[in-house]
Structure formats: C-alpha cells, structure tokens
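Here, each number is a calculation from the coordinates, and none is a lab measurement. On a predicted model such as this, the values are computed, not experimentally measured, just so you know. No Cβ is skipped: glycine too gets one built from the backbone with ideal geometry, and neighbour counts run over all protein chains shown.
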Amino acid sequence: MSDAKPLAEQLVECEQWCAARPEKEYAPVAERGLRVLTQHHAELTKSLPGQIPQADGWLLRSDVIGFLGWFLVALVSVAGTAMIFVSVFRFLERTEHPFLYATLLTLLISALMAYAPLRMLLRSHELIFGDDALMIRRRVFGRLDHEWRLPVGEAVRVGLAYRGAQGRRRGNRGGTYAKLSLVVGSGDAEIALGDDLNHDERARLAILIDHYYNGSGEVPRPV
C-alpha cells in the first residue's frame, strides 16, 4: 500500500487483503493497522458531505444521501410494505378482521426491517477536542447512543487497526473477516470505534483527530 494513496483507498485494500485470509493469518498484521500520516491531512481540502465545523471540534453526519437517495429509500419501503401486506393477508383472510390484522402485522414487520438501515443512515459522530481529553459522541435518531472519552497526554496515536471479527460462511466452512476500527491512544489508554462506518467516514474522522493533535497550522479548508 503506497503512502501517497488516500487513506480511504488504503482501507479498502487492507480489508480486501484480510478478507482473503483466515483470521490467524491476518490478525498479527492487521493489529498493527494503518498509521495516519501528515500527507493524509491534505485530504481535508476535499469536503465530505455531512462534515460540519463546530466551535470545539467537528460533526460528521452519516445521513447525507440527498433528496434522490431518500426518494429511492421511500419508494423501496412502500413497495416492500405492499408486498408484505399481500403476503400476510393471504394467511389472515379467513379471520374476522383480515384487513386490520394484516395492516397491524405489516406495520410491525416493516418497522423491524427498516430499523437497521435507518439506524445506519440517521446517525452522527461528534468530535470534541480538548487539551486534557478527546470526546467522541455517537448519536442515532438524534439521541446519544455511545460516548468515548480518552484522556490526552503528551502524545496522541491515531490509526486504523483490526479490532474484532465478524463471522462469515465460506461454502460449508465458517470464516471471519477483518473489522477495521478507528483507534486513538494516549499513554496506556486507548479507544476504538467506527467499525460500522464506511471507509470515507472512518478515514475522515481519523484524519481530523490526527490533524488536531499531531498536525501544524489550521485545518485545510475545502476548495
């Protein structure tokens, strides 16, 4: 992996490399992870949708998919709900109130199916920089979902490394693949997060943190 490549591209290559190997083979390499380099700070000149500056840090929203994106989500949701209703109605048409029961059951099933993708879309990560601590807050549906706090010493280490694995079936065999996380450490303390983010968002959070604690000068402004 070339240091000149954007960090998000290196993340893709790293996960592809790890996914092609059993866990016992890739874990020692992936634990070392990818370092955020000074060259990567220049990537901040390219704006990322949902990245909003704040007085004490940054806010990175993941629900920035645009009007067309939300229109397609709504269209697929309506079509899916209609298909569920038709399927459920067949089993309830002999009951006293088939339309009522089918509607209630359809709404319940649709809500359960929509929760996971909406949770991924309607979330944000808030970076709060301080001289004595770094605070990261993840909000889902506008509510605080998780908070990470890292006491900051003289040196802050920022990188992306393997932290955990998720099961996957390969034919008839069980397998695992790497879950790369944003890892920030200072002294003996360490926090890891963002294994559910896409590559661009994970890389942007890492670069913003590294630039604040290890960079020089102002954050490059988007052109």
Calculated FRET efficiency for the pair S47/L72, C-beta based, R₀ 22 Å, to 0.05:
0.40
Could you give the angle, 0 to 90 degrees to the nearest 10, between helix 23-32's Cα long axis and the longest principal axis of the Cα atoms of the chain?
50 degrees
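Taking 0.36 nm per residue of sequence separation and subtracting the Cα-Cα distance, how much length would be gained by fully extending the chain between Q39 and L107, in nm to one decimal?
Numbers: separation 68, 0.36 × 68 = 24.48 nm, distance 4.99 nm.
Taking 0.36 nm per residue and subtracting the Cα distance, the gain is 19.5 nm.
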Are there trypsin sites (Lys or Arg not before Pro) in the range 46-108 that DSSP puts in a loop and that have at most 16 other Cβ atoms within 10 Å, and which ones?
K46, R94
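If one computes P(r) from the Cα atoms of the range 1-124, what percent of pairs lie at distances over 26 Å?
Of the Cα pairs, 55 percent sit more than 26 Å apart.
Would the range 3-76 count as rounded, prolate or oblate if I go by the C-alpha gyration tensor, calling it rounded below 1.5 in a/c and otherwise prolate when a/b exceeds b/c, oblate otherwise? Write down the numbers at each step before the final one.
Numbers: a/c = 2.61, a/b = 1.38, b/c = 1.88.
Oblate.
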Which FRET efficiency, nearest 0.05, do A55 and R143 yield, Cβ-Cβ r, R0 25 Å?
0.70
With N set to the number of residues, divide the alpha-carbon radius of gyration of the range 67-120 by 2.2 N^0.38 Å and report two decimals.
1.29
How far, in degrees from 0 to 90, does helix 199-214 lean away from the longest principal axis of the Cα atoms of the chain, to the nearest 10?
30 degrees
From the C-alpha gyration tensor of the chain, pull out the three semi-axes of the equivalent ellipsoid (sqrt of 5λ each), sorted largest to smallest, in whole Å.
39, 23, 16
Based solely on its DSSP helices, what 222 nm [θ] is calculated for the chain when runs of n ≥ 4 H residues each add -39,500 (n - 2.57) and the sum is averaged over all residues, nearest 500 deg cm²/dmol?
-13500 deg cm²/dmol
With a Förster radius of 25 Å, plug the Cβ-Cβ distance of E154 and R32 into 1/(1 + (r/R0)^6) and report the FRET value to the nearest 0.05.
0.65
For the range 50-65, take each phi angle, set θ = phi - 60°, evaluate the Karplus expression 6.51 cos²θ - 1.76 cosθ + 1.60, and give the result in whole Hz per residue in order, putting x for glycine and proline.
x, 8, 10, x, 10, 4, 10, x, 9, 10, 10, 8, 9, 9, 8, 10
So if a site counts as exposed when it's one of the GluC sites (Glu not before Pro), its DSSP state isn't H, G, I, E or B, and it has at most 16 other Cβ atoms within 10 Å, what's the longest stretch of the chain without one?
1-92
